[in-house]
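J.: One structure, as structure tokens, below. Some questions next.
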Amino acid sequence: MRRRTMLAAGLGLAVAGLTGAARAEDVIKIGEINSYSLLPAFTEPYRKGWQLAVEEINAAGGINGKKLVVVSKDDSGKPADAQTAANELVSSENVAMLAGTFLSNIGLAVSDFANQKKVFFLAAEPLTDAITWAKGNKYTFRLRPSNYMQAAMLVEEAAKLPAKRWATIAPNYEYGQSAVAVFKKLLSEKRPDIQWVDEQWPPQGKIDAGPVVQAVAAANPEAILNVTFGADLVKLVREGNTRGLFKDRKVVSFLTGEPEYLDPLKEETPEGWIVTGYPWYSIKTPEHDAFLKAYQAKYNDYPRLGSIVGYQTIKSAAAILAKAGSTDTDKLIAAAEGLSVPSPFGEITFRKIDHQSTLGAYVGKTALKDGKGIMVDAVYRKGSDYLPSDAEVGKLRPKD
């Protein structure tokens, strides 16, 4: 009797094991990492975006018939924590690829991990040019338009300004340093008469806006490049408005037209800044209309740019997995290189030469309406129109 019971138990375990294996074979996992606890203003809409994408993908039959599962981890805004999370996702969760990250230094840390461990990584948000050029590697792709691309879009407008004396304000880490360097380079090439009269480098997330504004005012620039965002931007604008820094001065600003950064400014929104951003309320295309309708139906809220980035990151990852027909890293790379996919901003392509997507950005000006900041005169700039030639990229990027 006891022997029969043991046999039955053993058979039950074997069946359970087979069921578990079958379930594992029916699922494809993506490991996702982001700074949820540090930067909720961006990452919460971002999470909503990728969750909507997962829902849509699975409702349509998954990836080649397999259910998509995203396993998400918080990096707390620390490169070391991001690498630990990446290692756990690969070794314990057996994910097919890594995706996500926000801050540029964290994106570079995960990219380095991917290169060492030979794991596919789709960087969602990091903007530093290094991720696809100076420190680019065969395992890393990037979705968002880079600092170079957004700088080139802004320089197109900045070069038309009569201003010759320029000052810069940027957070003192990889993203800010990279953005200022490329903006100065591109604007000086178009306008050799430009003088750079001051640079301010507040620590990210810890700006002491009074002294920064005072120092810039003392340099008496005719125009200012701003690269601060989030809480730092709010403090800078408040102090700048109070001290009249922006009066009769042109301001060009990375990212400020994104709702997650524009909304908190409320009635303090400065008018007439030239910005990149996301005027979701004025985009009238079939692709964006479909996304907007689905997003608002699910969340009863309007999207932020983070929503677009999260949504498109997972949609792109799923398209790569579907084309590869495999979770083998080399096959994923081969599938991603040159792949074109639809997006709420229109079709985009992941370039073979540097793994940069051609997702673009909207360029326009800030304005105040009903006590709230908005973007006006916004025009979509295709990413493919603001990238250097293949020959130039060949010099910037190490050979795989």
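J.: Looking at Val71, Val110 in this structure, which one is touching a Gly at 6+ places or on another chain (Cβ under 7 Å) and of a type in the set (Val, Ile, Thr)?
T.: Working: Val110 fails: touching a Gly at 6+ places or on another chain (Cβ under 7 Å).
After ruling out the rest, the residue left standing is Val71.
J.: Right, another one. Quick test for you: out of Glu258, Glu239, Glu287, Glu268, pick the one residue that is out of contact with any helix residue (DSSP H, G or I) (no Cβ under 6 Å at 6 or more places or on another chain), of a type in the set (D, E, K, R) and at pLDDT 95 or above.
T.: Only one candidate passes the filter, namely Glu287.
J.: Please specify each residue of the range 219-255 satisfying the condition of being of a type in the set (Val, Ile, Thr), open to solvent by less than 30 Å² (accessible area, probe 1.4 Å) and over 20 Å from Arg381 (Cβ atoms).
T.: Within the range 219-255, Ile224, Thr228, Val234, Val237 meet the criteria.
J.: Would you confirm, using the coordinates I've provided, whether Glu267 is part of a helix (DSSP H, G or I) and out of contact with any Pro (no Cβ under 9 Å at 6 or more places or on another chain)?
T.: yes
J.: Yes or no: the range 333-353 includes at least one residue that is part of a helix (DSSP H, G or I), out of contact with any Lys or Arg (no Cβ under 8 Å at 6 or more places or on another chain), more than 14 Å from Leu98 (Cβ to Cβ) and among the acidic types (Asp, Glu).
T.: No, the range 333-353 contains no residue that is part of a helix (DSSP H, G or I), out of contact with any Lys or Arg (no Cβ under 8 Å at 6 or more places or on another chain), more than 14 Å from Leu98 (Cβ to Cβ) and among the acidic types (Asp, Glu).
Per-residue answers, yes or no, for (1) modelled with pLDDT under 95; (2) β-branched (Val, Ile, Thr):
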{"residue": "Val15", "(1), (2)": "yes, yes"}
{"residue": "Glu44", "(1), (2)": "no, no"}
{"residue": "Val70", "(1), (2)": "no, yes"}
{"residue": "Asp74", "(1), (2)": "no, no"}
{"residue": "Asn87", "(1), (2)": "no, no"}
{"residue": "Leu98", "(1), (2)": "no, no"}
{"residue": "Gly107", "(1), (2)": "no, no"}
{"residue": "Ala114", "(1), (2)": "no, no"}
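J.: Do you know which residues across the range 339-357 are open to solvent by 10 Å² or more (accessible area, probe 1.4 Å), touching a strand residue (DSSP E or B) at 6+ places or on another chain (Cβ under 9 Å) and over 21 Å from Pro303 (Cα atoms)?
T.: Within the range 339-357, Leu339, Ser340, Thr349, Arg351 meet the criteria.
J.: Count, please, the residues in the range 169-221 that happen to be assigned to a helix (DSSP H, G or I), more than 21 Å from Leu255 (Cβ to Cβ) and hydrophobic (A, V, I, L, M, F, W, C). Lay out the reasoning, then the answer.
T.: Taking the range 169-221 and keeping what is assigned to a helix (DSSP H, G or I), we get 174-190, 209-219.
Next, from what is left, pick out any that are more than 21 Å from Leu255 (Cβ to Cβ): 188-190, 210-211, 214-215, 217-219.
Next, only the ones that are hydrophobic (A, V, I, L, M, F, W, C) stay: 215, 217-219.
Looking only at that region, the number is 4.
The values are calculated or read from the model by the stated rules, or taken from the named source; none is laboratory data. The structure displayed is predicted, hence computed values, not measured ones. Virtual Cβ from ideal backbone geometry, glycine too; neighbours counted across all protein chains shown. With ligands, DNA and RNA removed, areas are computed over all heavy atoms of the protein, side chains included. Shrake-Rupley method; radii C 1.70, N 1.55, O 1.52, S 1.80 Å.
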